[in-house]
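Where a number appears in this text, it was derived from the coordinates with a stated rule and is not lab data. All values reported here derive from a predicted model rather than from experimental measurement. Note: ideal-geometry Cβ built from the backbone for every residue, glycine included; neighbour counts use all protein chains shown.
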Amino acid sequence: MSQSRTVLGFDYGTKSIGVAIGQELTGTATPLAAIKANDGVPNWDNIEKLLKEWQPDLVVVGLPLDLEGKELETITPRAKKFANRVHGRFGCQVELHDERLSTVEARAELFERGGYRSLSKGNIDSQSAVVILESWFERQYG
């Protein structure tokens with residue numbers, strides 16, 4: 001793995017958007033504080049701050065699909081719109097990544113580490129962003 005890009009991951013949701021930062025070199029990601037969203041719309045200043053702070057080479061947005069890989073009527077188009085807005089507003093390279101089962105995995109991981117106390121919504125969303133990023137890395141270099 002010769003790449004050493006910094007990648008910012010988002011787990012898009014209508015109330016909360018999970019965030020993680022990852023390094024392509026190690027293929028690992030770390031959760032950051034989730035961003036609140038109002039009916040799917042984040043405070044764009046918060047997104048801008050993250051981008052300025054971490055200066056990612058790439059942004060990966062989780063694409064919500066059902067278990068058969070089909071788009072979900074309500075949330076999939078909104079996640080795509082969020083990805084397009086990040087690209088349009090900030091000129092970042094953005095990729096969508098299938099996020100099936102990321103929340104389930106994130107819950108299991110958090111529970112393993114800290115029991116029920118660690119299962120707050122923001123924690124789950126950002127841990128989901130970690131799972132999305134790490135599975136994106138695996139797909140690139142698996």
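Just a few scattered comments:
- Modelled spin labels at LYS15 and ARG85, positioned 7 Å past Cα toward Cβ, are 1.9 nm from each other.
- Cα shape, region 26-66, gyration tensor, a/c 1.5 rule: oblate
- Per-residue Cβ neighbour rank within 10 angstrom, fewest leading, LYS70, LYS36: LYS70, LYS36
- Spin-label model distance (nm) - LYS52 vs GLU68, 7 Å beyond Cα toward Cβ: 4.6
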